[in-house]
Amino acid sequence: MRDTIGKVLAVAGVEAKRTIRDRTALFFILLLPVFLILLIGIAIGGNTGRIPTGVVVQGTGPLTTELRQELARSPRLAIHRYSTPDAVRTAVRHSEVVAGVVIPAGYDAALRAGRPSGVEFVTDPSGQSSVAARGPVSAAVDQESATATAARFAAVHAGVSFDGALVTARSLATGGGVSVDVSAATGRAPLPTAFSYTAPSNLVLFVFITSLAAAVIIVNARRLGVTRRMLATPTPAGAILTGQAVSRFGMAVFQGVFIVALGAVVFGVSWGDPLAAALLVLSFALVSTGAALLMGTFARTEDQAGAMGPAIGIALGMLGGCMWPLVIVPPIMRAIGHATPHAWAMDGFIALIANGAHVGDIVGKLLALAVFAALLLAAGIWSMRRTAYS
């Protein structure tokens, strides 16, 4: 057993040395994530000031007034009043404000009747610069909707007036007696802003892309006959396969830890529960390892692996919320996004960073990543046995 472990580590060490000598791999592992975290973090609100947000109030009523005041009380928003929806859309388009909120005339009636509030969130055409404002706006809208729902429930089942129940619900909410649980998977959870969003998104994006790009080494070893010569030695085939996987896994973990440390030390990102963050990094590293093994068998040449890896990684990153939050896409696209491991990893990091979640709160995300990892690793190892070493 000890001898087998030694052989696995020896194979992994050889593979790691080959990766370190690859300047392209080092660029993806170390330099590009730093540049993009800095660039995108500044672009979506890297400063610590309030986010300029336009508000249009079309109706009157206590619920409308409370939502307007709740937005004004937010420590992350600087509210600017506009008279019409067209005026706030123009202001967003001209970058006078980052985003806009339109509270419709029927807002009070909708909440009293249990219908959707109809609040409109106005974004720029790309949606990128408005990301920072959506979190606090969604939090305010969801809080008011939850309070109205509680008041309506009390009015129906306790025989009290809606207005009286609303006063009670607000006092309970203010005193901490009522909490609202919002799932990141629905796209309605408060989002981290600036570097606190770009650091985890680039971690997920680049750990996966780098792993796929590193499949070039597997292809190169197969094409040059290195693996065949290794199989001619007393080293068991299982040890060679495991060594390949351990090398890929080690590189993925190293890059993930590097981005976590970089985010914390340089960009001031608070990653939340250390154990939960570590489990997310390890789980996604396993996912990326399985994907790398598959890529190493499907690609026929080094050029194919080098071209396909980043393209696949970027496409899955876009679907999974690494390029932009899934909160800004339609529900059907959020559902499609969660067919990728990236979305589950992003949900987990958002829960840790924005909502102070712990391991118990992200068990579902970790289990989803474990399923992806098991499927990809099994398929990758099977494919390598069938093709790379045949």
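Taking the protein heavy atoms of the stretch 74-118 in the context of the full set of protein chains, the accessible area attributed to carbon and sulfur is 54 percent at 1.4 Å. A 1.4 Å probe run over the protein chains yields, for the stretch 74-160, 45 Å² of accessible area per residue, whole-number rounding. Kirkwood hydrodynamic radius of the stretch 266-313, from the reciprocal of the average inverse Cα-Cα distance over all distinct pairs: 12.9 Å. Taking the average, over residues, of other Cβ atoms within 10 Å as the packing measure, peptides 276-284, 92-100 rank 276-284, 92-100 from highest down.
Annotation: per residue accessible area for the stretch 310-390 equals 44 Å², rounded to a whole number [probe 1.4 Å, protein chains only]. Once both labels are positioned 7 Å from their Cα atoms along Cα-to-Cβ, the gap between R73 and R50 label points is 1.4 nm. Taking the protein heavy atoms of the stretch 348-390 in the context of the full set of protein chains, the accessible area attributed to carbon and sulfur is 69 percent at 1.4 Å.
The values are calculated or read from the model by the stated rules, or taken from the named source; none is laboratory data. Values in this document were obtained by computation on a predicted structure and should not be read as measured data. All Cβ positions, glycine included, derive from the backbone under ideal geometry; neighbour counts span all protein chains shown. Accessible surface areas use protein heavy atoms only, side chains included; no ligands, DNA or RNA. Shrake-Rupley method; radii C 1.70, N 1.55, O 1.52, S 1.80 Å.
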